[in-house]
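The block underneath contains the structure these notes are about, expressed in structure tokens.
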Amino acid sequence: MLAGLALLGREIRCEKLDEEDFMAELCNGFRFIADPNTYTITFASLKKNARWLGLEGMSDDDLRAMIKEGDVDGDGALNEREFCLLMIRSSPALLLQAETWLEDALERELTEFMDEAPYYI
């Protein structure tokens with residue numbers, strides 16, 4: 001449902017970013033949408049930013065469903081982690097890129113371990 005959400009007025013082109021830059025972009029988007037008092041994305045903060053996010057045609061029920069879809073802890077709002085997970089999970093392109101980043105990170109860790117392995121044997 002959130003797959004088409006353009007963060008900070010533009011689509012994130014994850015293939016051009018490394019994982020740290022991509023997560024920084026997601027965090028920037030979260031901070032823009034989040035309620036500054038609770039540091040969560042609430043129904044009210046999402047509704048307030050709906051026009052800017054291109055969601056002005058969505059009903060209140062649809063906006064509430066977007067929150068509910070990612071609300072892992074059941075508190076009725078999205079914290080930063082829930083938002084990032086939802087964004088990645090709801091977009092096949094982002095999910096594929098996240099898998100690539102994970103594979104790259106595991107390969108780097110294994111290479112570093114193997115480089116240091118003679119010292120442990």
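Filter region 1-52 down to the residues that are part of a loop (DSSP other than H, G, I, E, B) and at pLDDT 80 or above and list them by number.
First, the residues of region 1-52 that are part of a loop (DSSP other than H, G, I, E, B): 1-6, 8-9, 11-13, 17-18, 34, 36-39, 42.
Listed by number, the residues that qualify are ALA34, PRO36, ASN37, THR38, TYR39, THR42.
Within region 53-83, how many residues are modelled with pLDDT of 85 or more, within 17 Å of LEU26 (Cα to Cα) and in a helix (DSSP H, G or I)?
The number of residues fulfilling the criteria is 7.
The values are calculated or read from the model by the stated rules, or taken from the named source; none is laboratory data. Computed from a prediction, not measured in an experiment: that's the story for all the values here.
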